1. Does G110 qualify as being exposed (fewer than 14 other Cβ atoms within 10 Å of the Cβ), assigned to a loop (DSSP other than H, G, I, E, B) and modelled with pLDDT under 90?
2. Test of understanding: among D318, D335, which residue is in the same structural domain as I284 (by the TED database) and farther than 25 Å from L249 by Cβ?
3. Among the numbered criteria (1) more than 27 Å from D28 (Cα to Cα); (2) surrounded by fewer than 20 Cβ atoms within 10 Å (Cβ to Cβ); (3) of a type in the set (V, I, T), which single criterion is violated by V302?
4. If you check G186, G235, G228, which single one turns out to be out of contact with any Asp or Glu (no Cβ under 9 Å at 6 or more places or on another chain), under 17 Å from T328 (Cβ atoms) and part of a loop (DSSP other than H, G, I, E, B)?
5. Which one is surrounded by the most Cβ atoms within 10 Å (Cβ to Cβ), of the residues in region 223-245 that are over 21 Å from the mean Cα position of the chain (by Cα) and not charged (D, E, K, R)?
6. Give region 325-351 a look and list any residue that's part of a strand (DSSP E or B) and aliphatic (A, V, I, L, M), or say none.
7. Tally up the residues in region 28-77 that are part of a loop (DSSP other than H, G, I, E, B) and among the charged types (D, E, K, R), please.
8. Please name all residue pairs, on different chains or six or more residues apart, with Cβ atoms under 6 Å, provided the first residue is in region 309-335 and is in contact (Cβ under 8 Å) with a residue 12 or more places away in the chain and over 15 Å from P242 (Cβ atoms) and the second residue is among the aromatic types (F, W, Y) and assigned to a strand (DSSP E or B).
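The values are calculated or read from the model by the stated rules, or taken from the named source; none is laboratory data. Predicted model, so just to flag it, every value in this text is computed and none were measured. FYI the Cβ positions are ideal-geometry reconstructions off the backbone, even for glycines, and counts take in every protein chain you see.
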Amino acid sequence: MLRRSLKRAQRLNSTARSPERIADTGSDLIWTQCHPCHQGFNQTLPIFNPKTSSTYKKIPCSALRCSSFPETSCSRSRKNCLYSGAYGDGSFTKGELSTDTITLASSPGGENTVSIPNVVLGCGFKNGIKFEGGESGIIGLGGGKVSFVRQLGSGKFSYCLVPFTEKSNSSSKLSFGANAVVSGRGVGSTPIPRKQIDTFYYATLLGISVGNQKLEMYDASSNSTQEGNIIVDSGTTMTILPGDFYAKLKSAMQSRIKLKQIEDPTGVLDLCFHTRDKVRIPDITVHFKGADLKWKQENIFVRLSDVALCLAAQPARDVAIFGNLAQTNFLVGYDLEKRTLSFKPTDCTKH
């Protein structure tokens, strides 16, 4: 999994420098890499040392907050609450659960800040994960009770992802509360069905139109559409579709794009074309229940070499995922109270 730079500048109480973390709607835990670091990754800023924070507090093993997180255990002394978090690509983080004051910048590089005390977070001492941009951890924005958006109590957040190849100084934006309302012309909203796992944000995908051909998610003989058949996840790069539906999409692209097909140089994706230029693609519309999204090239293709332009989708082994490339240049809003997910076409470099 390549984690996109949907970042939010955060500051723990001990430092005036702001470690950036990846904002991930597919997980709940907020965590940062900490000293002593027994296994870790390279990050741009110094690793956080909890001993330097006057507001850092370890969560006792007996505390209700310890049991609120699903993968917890007690330390050998039976005093402190330990956590273990895993991600779909096999990466992981382990450490102790704690509380601390987190300071948010109102905008990247902005001087205005707001401090939030007693935020439950993980201090990761053993981290088997890779970040591309020197980030220090993850902000979990899932629907579970320990996620950052739940701890804020706002019930609303939104983000706007700049294109993957954006070379300017533009950065993806993340907003909470009243600033996160998505409204105006062009907004489409789809329900977030309730499922057994609170963390994930599910949506109902009906199909995808390629040109004048509509690819149905389910055959006409099917009696009903499965509600909540795809997870919308900002932490997964590619879009992952059920195998039979992916095969339809791949076939539709092959029949409409008359370029030489080549192997993916990374060995990951299934359909690549030989070209150094942008490809003229057919009109592509994603049909959710109640919302239609018109895709551009950056939503469905990714360049993996100078000559390889690849379909940014894969067949699913288990669950279907609407990845972050698919969400590029959309203002995406989550309303946890109304249980709605909204999309608005937006130039995120100017948002």
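1. yes
2. Working: D318 fails: farther than 25 Å from L249 by Cβ.
Every option except D335 fails the conditions.
3. It fails just one condition, (2).
4. Numbers: G235 fails: out of contact with any Asp or Glu (no Cβ under 9 Å at 6 or more places or on another chain); G228 fails: under 17 Å from T328 (Cβ atoms).
Checking each option against the conditions leaves just G186.
5. Selected residue: F245.
6. L331, V332, L341
7. So the first thing to find is which residues in region 28-77 are part of a loop (DSSP other than H, G, I, E, B), and the list is 28-30, 35-38, 40-47, 49, 53-56, 59, 61-63, 68-71, 75-77.
Now drop any that are not among the charged types (D, E, K, R), which leaves 28, 71, 76.
The total comes to 3.
8. Cβ pairs passing all conditions: L309/F273; L309/F301; A312/F301; F330/F343; V332/Y159; V332/F343; Y334/F157.
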